[in-house]
Amino acid sequence: MFEDMLKDYPEDRYALGSIAHLKAELGDKIGAIEGYERLVKYSDAPVYAWFNLAFLLQELERPIEAERAFRRALELNPKLDQAWYGLGLTLIQQGRLDEAVIALERNTKLQPMSPYAWYQLARVHVDRQKPDEATKIIQHLKSFEPKFARQLERETGLNTQSS
């Protein structure tokens, strides 16, 4: 159906995005990436196209390309918390931990009750030899996600006082 739409309207953004999305849903990540890359060539490409492209690239461990796509998504919508998180993961993959801290902190400001960025942020602080910062995060997580806090304590070897 969408392929037929593209025959008549080869630049139809809805059809391009729909095909890419369906390919991703079917597990064809390469095909989905190709579809989103085709869509983002247009100057009016929607933010979701950039984000989905970045997400797929990050999953396939193509961090430099993923970073570029996450940053473009964030140019279009600086409040896209998932893009800040994805950018943080991509920067971690590249060993750029100081920059990852900035991205993950942006995510925690936009989604303060989501434990995922807090978890990654604590791990990055441990890797940066800043256990005190990681301990603060573990203490913070204990107030709303004690399971994540316990997991971090086990994984990092940091023992915090119960709150």
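Read-outs throughout are calculated quantities, based only on the coordinates presented, and are distinct from any laboratory measurement. Only a predicted model underlies this, so the values are computations on that prediction, with no experimental measurement involved. Because the Cβ atoms are built from the backbone with ideal geometry, glycine has one as well, and the counts that use them run over all protein chains shown.
Quick look at the numbers
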item	result
Mean separation of Cα contacts under 8 Å (6+ apart) over length of region 18-163, as relative contact order %	12
In region 1-104, the trypsin sites (Lys or Arg not before Pro) that fall in loop regions by DSSP, at most 11 other Cβ within 10 Å	K41, K79
Which labelled figure in (1) 166; (2) 114; (3) 147 is volume of the Cα convex hull per residue in Å³, once derived from the coordinates	(2)
Given the chain, longest segment not containing exposed loop GluC sites (Glu not before Pro) (DSSP; at most 14 other Cβ within 10 Å)	62-163
Nearest 10 degrees, 0 to 90: helix 81-93 Cα axis against the chain principal axis	70
Computed FRET value (nearest 0.05) for K41 with R128, which takes r as the C-beta separation and R₀ as 35 Å	0.40
Neighbourhood charge, 12 Å Cβ-Cβ cut-off, centred on A149 and excluding it, Lys, Arg +1 and Asp, Glu -1	+2
Summed residue charge, Cβ within 12 Å of A24's Cβ, Lys/Arg positive, Asp/Glu negative	-2
For A15, net neighbour charge (Lys/Arg +1, Asp/Glu -1) across residues whose Cβ lies under 10 Å away	-3
Cα centre as origin, Lys/Arg/Asp/Glu Cβ charges: region 75-161 dipole, Debye	220
